[in-house]
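Below: one structure, written as structure tokens.
Since every read-out is calculated from the coordinates, none of them should be taken as a lab result. Here the structure is a predicted model, which means the values were calculated and not measured. Here the Cβ is made from the backbone with ideal geometry for all residues, glycine too, and neighbour counts use every protein chain on show.
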Amino acid sequence: LAGQNREEELEARVSIEQITPREQEVLGSLAEGLSNKEIAAKLHMSVDTERTHMMNILNKLGVHSRIQALLFAARHGLVEIR
């Protein structure tokens with residue numbers, strides 16, 4: 001069981017390292033409770049670009065929803081939920 005926890009921790013670190021600075025900004029905005037449209041406006045990008053960043057985040061973290069991505073990011077210190 002301890003080996004499994006270490007393996008999960010390593011996988012989490014690898015996932016986190018793959019997140020780009022721009023994707024971190026998207027995650028931070030998500031943590032503020034912003035919608036896709038609000039995130040796009042705040043970060044001066046199109047909604048399609050924001051959605052692409054979000055899909056990349058979900059794929060990199062191996063999760064299926066914005067909520068799962070947010071929880072993962074919070075647990076691993078990428079964002080602080082406000």
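Here is how the numbers come out for the structure above:
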{"quantity": "Separation of the ASP48 and GLU25 label points, Cα + 7 Å toward Cβ, nm", "calculated": "1.9"}
{"quantity": "Estimated distance in nm for a label pair at GLN68 and GLU80, the labels positioned 7 Å out from Cα along Cα-to-Cβ", "calculated": "2.8"}
{"quantity": "Spacing of the two label points (7 Å from each Cα toward its C-beta) at SER35 and MET55, in nm", "calculated": "2.1"}
